[in-house]
1. What's the percent breakdown of Cα-Cα distances in segment A:530-735 across 10 Å bins, shortest bin first?
2. Once the Cα atoms of helix A:465-478 and of chain A are each reduced to a long axis, what angle between those two axes, in degrees from 0 to 90 to the nearest 10, is obtained?
3. What ranking of A:F730, A:F736 emerges when the number of other C-beta atoms within 10 Å of each C-beta is taken as an exposure proxy, fewest first?
4. D for segment A:362-428, whole µm²/s, Stokes-Einstein with Kirkwood Rh over alpha-carbon pairs at 4 °C and 1.567 mPa s: what number?
5. How big is the protein assembly as shown by the Kirkwood estimate over distinct Cα pairs, in Å?
6. Among A:F28, A:Y478, A:A686, flag the residue with its Cα farthest along the positive direction of the charge dipole of the protein assembly as shown, charges on Cβ as +1 for Lys/Arg and -1 for Asp/Glu.
7. Report, as an integer, the average count of C-beta atoms from other chains found within 10 Å of each Cβ along A:60-67.
8. What dipole magnitude, in Debye to the nearest 20, does segment A:258-379 give about its Cα centre under +1 on Lys/Arg Cβ and -1 on Asp/Glu Cβ?
Amino acid sequence: MDSQFYFNLKKARIFQAVKWGKNPVFRFARFFRKLFFILFAFFFFIFLNRSFPERFLGLCLTTLSLAIAFWILEGFFNSKLKKPELPVYREGVNLAEFLSLEAAEDCWEAIKFSRKKKLPEVPSEALLYFALKNNKEVNFIFTRALLYLNGLKNDLRTYLDALKGEKFEEILSPDSQKVILAALQTAQERGSQRIEVGDLIVSQSEIDPIFKKYLMAVNLKSQDIKNLSWWLANLKNKIEERKKFWLWKNLIKQGSLAKNWTAGYTLTLDQFSIDLSEMAKRQGFPDIIGHKKEIEAIERILARREKNNVLMVGESGSGRKSIIQALAQRSYLGDSLKEVNYKRVVRLDLASLINQAGNLKAAENVLDAIFNEVASSGNIILIIDEFHNFLEISGVISSYLALPNFPVVAITTFEGLHKNIERNSSLLGLFEQVQVEEISEQETLLLLENLSLFLERKYKIFISYSSLREIIRLSEKYLPDNSFPEKAIKLLDEIIIYVSQKKAKILLPEDVFKIVSDKTQIPVGAMETKEREMLLDLENLIHQRIINQQEAVSEVSSALRRARAEVSIRKGTIGSFLFLGPTGVGKTETAKALAAIYFGSEDKMIRLDMSEFQEVADIARLIGSPGQEGLLTTKIREAPFSLILLDEIEKAHPNVLNLFLQVLDEGQLTDGLGRKTDFKNSIIIATSNAGYQIILEALKENTIWDQVKAKLLDFVFEKAIFRPEFINRFDAVVVFGPLSRENLMGVAQLLLGKLKKNLAEKEIEFVITESLKAKIADLGYDPTFGARQMQRVIQDKIGNVLATAILSNQIKRGARVEIDPETFQIRR
Amino acid sequence: MGQNILFQYIFWQFWESPKNVFNAWQNFLKFGFHYFSLPLLLKTLFSPWRRYRWYYPKGFYPVKYLEVFLSNLISRILGLVLRIFLMISGILFEIFIFFMGFVVFFGWLVLPFFLIWGFFYGLSILF
């Protein structure tokens, strides 16, 4: 351990509080204070109602003096002894100085325990045990984490009881030293200098093996304990701060009586608007989480003399309205810039205005009156939501927007901006744009924590921390179409309703898995036995539809297993493959089989014929543009769990291929409307028959198969069909070999098998003979088209004959049918 | 190890806590100014009430001119009266806070002595 580590509790200032805290005067000060106040009230009541008051006056004075004395002692202990001055942190400083009273008490208990057991050093397990034993607040962390506190305490006790020593020395074990140092770091990260019990527990969760075992059992990490501990610390701080009513930040919440008196009346506006400043006051000024950058940018624009209108652009659900709420709040509390402070932030309800006015002409007159009021009132920041839907009013609003006393924040989406607003460049010129990014997962967690306390009260359901964490993880992964925080909030809302429906009392991660699976049709959470079997047996399942192509099937199966077991290190898609080989050898069929097995249906395949994208102009069709949906991006946004089949990729324009570089690398693409499209849950398969001649030649010359792939790639690069950086971004380049005669027989068996199955449903037994298979294989194979013709041959030669026979009643139910391979007539 | 607890108590009772009381007192006084917006009211003392104002006509229309002048004058007088009323309320509030703060601040300083006196005087009545 660090030679500079110095920890001496007895010499730390906080030790005085540990010592005095045991003194009955301080220990029972709270109790005595209450007792003497009650006695005082009692005696005072009698004093007022009795005819011999002197004695009771004496009792009143004595009890009141004692009650106040204990109140002062309590205050002295809590604000002075408990919080001694901290030294400056530097190397060699006594780290015990940084302990809070509770943490110091736990350390002292651990030291006393080690002394009693004559241990050579203070073990970290003792620190953890006493931290868990003495503090009720750890219940918050353990209950929310669904951790078994008593079990852990018992295990620690058993471990500590088994320890034996010869001679006690008051030094911390290396692990205990690590715990103290890590706890100090955690406290500093939290913005505090004092190590609280929560910080000790967080650092123990990183170090102590017994604690780690418990965490692993419920699938939690040290970071989760840290989140919980910070949640608790934050709640405690908030409660403490609220009690101090004399603080400026609490007093200012009362607002101002006369600031509005200097502003004009806004009677018409008040009829068709919502005062967000008042709303913030009613809601008790909730915490502002995230979007700090955007809020500051908006405030800066609003504070300008000219062009002080904001166009806030962001995806729906990315927290645009909470930014406005934060603006209203900061302005109300005077936390914003001077020019923005103490303004009324008012949201115009345009939809109801147009509805009530009946028609746009009438609405325009009212709007003109409203805008006039805003401009002359001098203290309004006007918010217009969904601005792109109300561009008809641009004629009325344009003349006002140039006025300095008419600050507006218009809210829109990227689509609305590109599709509608950008068309009116003069209107757009009056705004300054602020783009809203979605908030981070960590910020969303803070938001969900606050929300879950409210939901718990409303539904009387306990929400476990693991569920919140799963909600964030799964909504990030499986709901890419929406933004944080809204997708997580909506999901939590949906799940808690589900839990209340089934009359359960706790919201568990299993409930989250259930709802997410129902929403996405994707099995999430603990892998079901059936799914495990499917993944382990993937090769065989694919081979039920694909003949030969061992390498391709094995590559694809391995990639999917990696993705589902979440051991993949790639950032991009679930898997991306380039299938090379002649036509008709099963490339497309493999893709179809995969879509059916992995995503549940062949319909989960987005098939794009890349020969349709040979021009640069075709990019817009692929990724969309204002007024046009993207063939790729829109489909993948709607169904992120899809297999994308890019047929004949070599025919696409090089710029189109460049687009896919980002998709294959990062798993995302920005569409024509500026929205991020997520490909992380899709499989991409590109097929190409470029260089198939090489394969055919190699077969003729009996080249070793491993060399064929290298030759093929050389050919592809030489002819500049694909660039190396494009090829390298695929998980695997898989070469499909031509089908041998045996393979063709297999394909024939597969296709005839399908026919046999159909006939079996009509209770007709269809006999597949070897000679029939051989004939079909002969007729169906073409060196250029592979086995593609085989299906047509079966249709023409066998299907037609059988259809005619069934319709003319030549074949009846229960019949046994065999086809002559030479004449293709039914054998009797 | 810390200092003598008695010295610490004396330091806390007669220096640290009065400092906090003084800060709270300041906060309340500042809040009074903010709540009643006294500087703003003074600055806009003669402004029209709720920004109600009329504009003079272009051209020579003496009657109309007089009408606008009177309307604006009434608006300003109304504003003046209401603002003065609110300012008086604000000033009264500030005076109240000032004296309350004074009482609390000095009350806190003499509280320990009062307690000792109260306790022993109470006992002397009893026995």
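No lab work stands behind these numbers, since they all come straight from the coordinates. Just so it is clear, the structure is predicted and the values come from calculations on it, not from any experiment. Using ideal geometry, Cβ is built from the backbone for each residue, glycine included, and neighbour counts are taken over all protein chains shown.
1. With a bin width of 10 Å, the distribution comes to 8, 35, 36, 17, 3, 0.
2. Relative to chain A, helix A:465-478 is tipped by roughly 30 degrees.
3. Listing A:F730, A:F736 from fewest to most nearby Cβ atoms yields A:F730, A:F736.
4. Answer, rounded: 104 µm²/s.
5. Every distinct Cα pair counted, the radius reaches 36.0 Å.
6. A:F28
7. 6
8. Charge dipole of segment A:258-379: 320 debye, to the nearest 20.
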